[in-house]
Amino acid sequence: LKQAAIGQDTGTLNWVEQHHLQNNSRLVENLKVASGWEKAVETVLGDALQAVCVDKLDSITSLLDSLEQGSLILMETDSTAEAFNDQLGQLEPLNQKVQSGLTGSAVLHGVYAAETLDQGLIFRKQLKAGESIVTRDGLWLSMDWIKVSRAADSYAGVLERQQELEQLTCAIETLELTVENQKKEQEQIHS
């Protein structure tokens, strides 16, 4: 999960380590997505899920020339972007399906959430330039285009894997406490 979240190419990984960013969180680690909307959010964010979170973009832009190969996305954690709260008919903005530890919501700005493709098609002619609609199952459309993504890339399912990783971590902690308590009980019985 971590490798998928930070990218696989050596050039990027070396650059991230060289500039001491390997311990910075990734966008995927900062997102909590409403159940059932993971595919839609992954479709829109795509490789941005691997974005390395930094405090201020301005403080790191001078380092970008040293990235000679690879692909990198940096995301500012202290963004002052305004929340996008307009509604398109009955559709709510996709960013309302996402809770984030980041202050900005600009990445999802102008993207609406539709339950079905039929619902998205009904509202697509009302979209303004730069706006789009994504369905629960990840079909992404605008006035004049549609994107279909079927789990071919390395980021497919990364949000679900992140949520599963968090659940497993909680389960491990609970089991460790249970084992520790049972060991204490056993010691008390034997003493």
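The values are calculated or read from the model by the stated rules, or taken from the named source; none is laboratory data. Everything numeric in this text was worked out from a predicted model, so none of it was measured. Because the Cβ atoms are built from the backbone with ideal geometry, glycine has one as well, and the counts that use them run over all protein chains shown.
A compact table of results
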| read-out | value |
| --- | --- |
| Odd one out for GLN96 among (1) modelled with pLDDT of 90 or more; (2) surrounded by 15 or more Cβ atoms within 10 Å (Cβ to Cβ) | (1) |
| Filter result for the condition that a residue is part of a helix (DSSP H, G or I) and modelled with pLDDT of 90 or more, over LEU159, LEU121 | LEU121 |
| Count - residues of region 129-138 that are at pLDDT 90 or above and either out of contact with any helix residue (DSSP H, G or I) (no Cβ under 9 Å at 6 or more places or on another chain) or part of a loop (DSSP other than H, G, I, E, B) (or both) | 2 |
| Members of region 46-69 found to be in contact with a Leu (Cβ under 9 Å, 6 or more places away or on another chain) and either among the acidic types (Asp, Glu) or within 21 Å of ASN30 (Cα to Cα) (or both), listed by number | ALA48, LEU49, GLN50, ALA51, VAL52, CYS53, VAL54, LEU57, ILE60 |
